[in-house]
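One structure below.
The values are calculated or read from the model by the stated rules, or taken from the named source; none is laboratory data. Keep in mind that what you see is a predicted model, and the values were worked out from it rather than measured. Quick reminder, even Gly has a Cβ in these numbers, built from the backbone with ideal geometry, and neighbours come from all protein chains shown. With ligands, DNA and RNA removed, areas are computed over all heavy atoms of the protein, side chains included. Shrake-Rupley method; radii C 1.70, N 1.55, O 1.52, S 1.80 Å.
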Amino acid sequence: MAKVNTVLGPISPDQLGITLMHEHIVYGYAGWYADDTIAPFDREAVVKTSLDTMEELKTYGVKSFVDATPNDSGRDVTLLKEVSEKSGMSIICATGLYNEAEGAPAYFKFRSTIPVFDVVNEIQEMFVKEITQGIGTTGVKAGVIKVGTGHGCISAYEERVLKAAARASKETGVPIITHTEAGTMGPEQADVLISEGADPKRIMIGHAGGSADLKYHTAILERGVYLAFDRLGIDMPPAMSDSMRKGCIIGLIALGYANSIMLSHDSIVRWLGRPVEQLLTLMMPNWHPRHIFKNIIPALKGAGVSNEQVKMIMEENPRRLFAGE
Ligand SMILES: [Zn+2]
């Protein structure tokens, strides 16, 4: 029987309920720490804002929140633990490495220049230890593996990370969730992960809404993996538009894929470094983790999507991803 590692300990997949599969409480682009003289981290304020967010989500029936922040992007599991304890929200944290362009690849790229080091093995060891024994000395165990690739190619560094993730998922049964860039490399990601031994039913290819091409989406789904429209609210037409995403989601449901789709926002409660939240809210007023419940689900229902299909997407599919069904 599969267990889900939350930041407060294991639960059964049946206990997940309505789940947001890709969000962030804190996130920082690698290098934010260089600016912390100017922009120090106010932990107390972040906890307070996070608790407000969790209270709002609970009013929509959300029970579980996957924090997709990888190790090199400001992951703070003791903060997630405090927010989970005080809010009652099940929070699942990640082990993982972000893509080469936006993460912090220098360390493992350096190690891969030394022939005696097997970097895929080293990264796998790190992922597995954070899943089975815990992250640092916190005792918190990771419940998902987060990896990513860049625009239009998978770099040598990213391929090592994908292979390590596949092997760690195979070893532990913990699912893999991914970042794709601008609607590219989704099928290729799935191929690398599956060929390295990951179970397609434990893979969620992310950021599908970076493309509005149903052929791209179905090419990914045909590989037997889950597909996530997990940047809803990042509405910047024409490249990334919620109206095209809604069209794609409705189209894929009509094609029979309701059992393979996930929805989330990739929202960030607090950016590390200098504040950008207010400016981003002005630019993208729907980029907050209530958007799906306030705007997207009503639009889907208006287009004929049933309550059962919404429940499948928001509750049943996350359960099955963690259960490996
Ligand atoms: Zn993200």
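When you look at residue 275, is it modelled with pLDDT under 95, under 17 Å from residue 209 (Cβ atoms) and more than 16 Å from the ligand (Cβ to nearest atom), yes or no? Let's see the steps before the verdict.
Working: modelled with pLDDT under 95: yes; under 17 Å from residue 209 (Cβ atoms): no; more than 16 Å from the ligand (Cβ to nearest atom): yes.
Answer is no for this residue.
Could you check how many residues of segment 176-208 are open to solvent by less than 10 Å² (accessible area, probe 1.4 Å) and in a helix (DSSP H, G or I)?
Residues flagged as open to solvent by less than 10 Å² (accessible area, probe 1.4 Å) and in a helix (DSSP H, G or I) within segment 176-208 amount to 5.
Somewhere in segment 246-267, is a residue in a helix (DSSP H, G or I), under 28 Å from residue 14 (Cα atoms), within 16 Å of the ligand (Cβ to nearest atom) and not aliphatic (A, V, I, L, M)?
No: zero hits.
Being open to solvent by less than 10 Å² (accessible area, probe 1.4 Å), within 16 Å of the ligand (Cβ to nearest atom) and touching a His at 6+ places or on another chain (Cβ under 9 Å): is that true of residue 148 here? Outline the logic, then answer.
Details: open to solvent by less than 10 Å² (accessible area, probe 1.4 Å): yes; within 16 Å of the ligand (Cβ to nearest atom): yes; touching a His at 6+ places or on another chain (Cβ under 9 Å): yes.
The answer is yes for residue 148.
Please verify whether residue 250 is in contact (Cβ under 8 Å) with a residue 24 or more places away in the chain and over 19 Å from the mean Cα position of the chain (by Cα), treating the condition exactly as stated. Full working, then the answer.
Values: in contact (Cβ under 8 Å) with a residue 24 or more places away in the chain: yes; over 19 Å from the mean Cα position of the chain (by Cα): yes.
Yes.
Limited to segment 108-121, what total is found for residues that are without any contact (Cβ under 8 Å) to a residue 40 or more places away in the chain and surrounded by 11 or more Cβ atoms within 10 Å (Cβ to Cβ)? Talk me through it step by step, then tell me what you get.
First, the residues of segment 108-121 that are without any contact (Cβ under 8 Å) to a residue 40 or more places away in the chain: 110-111, 113-118.
With the extra rule that they be surrounded by 11 or more Cβ atoms within 10 Å (Cβ to Cβ), the set shrinks to 110-111, 117-118.
Qualifying residue count for the region: 4.
Could you tell me whether any residue of segment 61-73 is among the β-branched types (Val, Ile, Thr), open to solvent by 40 Å² or more (accessible area, probe 1.4 Å) and away from the ligand (no atom under 14 Å from the Cβ)? Don't jump to the end; show me each part of the working.
Looking only at segment 61-73, we keep the residues that are among the β-branched types (Val, Ile, Thr), and these are 62, 66, 69.
Among the residues that remain, those that are also open to solvent by 40 Å² or more (accessible area, probe 1.4 Å) are: none.
Within segment 61-73, not a single residue is among the β-branched types (Val, Ile, Thr), open to solvent by 40 Å² or more (accessible area, probe 1.4 Å) and away from the ligand (no atom under 14 Å from the Cβ).
Among the candidates 101, 94, single out the residue that is within 25 Å of residue 266 (Cβ to Cβ), within 16 Å of the ligand (Cβ to nearest atom) and open to solvent by 40 Å² or more (accessible area, probe 1.4 Å).
Values: 94 fails: open to solvent by 40 Å² or more (accessible area, probe 1.4 Å).
Result: 101 is the single residue among 101, 94 that is within 25 Å of residue 266 (Cβ to Cβ), within 16 Å of the ligand (Cβ to nearest atom) and open to solvent by 40 Å² or more (accessible area, probe 1.4 Å).
Taking the condition at pLDDT 95 or above, of a type in the set (A, V, I, L, M) and touching a Phe, Trp or Tyr at 6+ places or on another chain (Cβ under 8 Å), does residue 79 pass? I'd like the intermediate steps shown before the answer.
Working: at pLDDT 95 or above: yes; of a type in the set (A, V, I, L, M): yes; touching a Phe, Trp or Tyr at 6+ places or on another chain (Cβ under 8 Å): no.
No, not satisfied.
Listed residues 232, 227; which is within 16 Å of the ligand (Cβ to nearest atom), part of a strand (DSSP E or B) and buried (at least 19 other Cβ atoms within 10 Å of the Cβ)? Show your work before the answer.
Numbers: 232 fails: part of a strand (DSSP E or B).
The conditions single out 227.
Within segment 4-46, can you find the residues that are crowded, with 17+ Cβ neighbours inside 10 Å, closer than 25 Å to residue 139 by Cβ and away from the ligand (no atom under 16 Å from the Cβ)?
4, 5, 6, 7, 11, 13, 16, 41, 46
Only one of these is loosely packed, with under 14 Cβ neighbours inside 10 Å, acidic (Asp, Glu), closer than 26 Å to residue 228 by Cα and more than 16 Å from the ligand (Cβ to nearest atom): 55, 85. Name it. Steps first, please.
Numbers: 85 fails: closer than 26 Å to residue 228 by Cα.
Result: 55 is the single residue among 55, 85 that is loosely packed, with under 14 Cβ neighbours inside 10 Å, acidic (Asp, Glu), closer than 26 Å to residue 228 by Cα and more than 16 Å from the ligand (Cβ to nearest atom).
List every residue pair whose Cβ atoms sit under 9 Å apart, with the two residues 6 or more apart in sequence or on different chains, where the first one lies in segment 294-308 and is open to solvent by 70 Å² or more (accessible area, probe 1.4 Å) and the second, anywhere, is among the small types (Gly, Ala, Ser).
308/258
State which residue is nearest to the ligand (Cβ to nearest atom) when the search covers only segment 158-172 and only residues that are open to solvent by 10 Å² or more (accessible area, probe 1.4 Å), of a type outside the set (Lys, Arg) and farther than 14 Å from residue 94 by Cα.
So in segment 158-172, the residues open to solvent by 10 Å² or more (accessible area, probe 1.4 Å) come out as 159-160, 163, 167, 170-172.
Filter once more, so that each one left must be of a type outside the set (Lys, Arg): 159, 171-172.
When the remaining residues are screened for being farther than 14 Å from residue 94 by Cα, the result is 159, 171.
On the way: 159: 20, 171: 24 Å.
Among them, the one singled out is 159.
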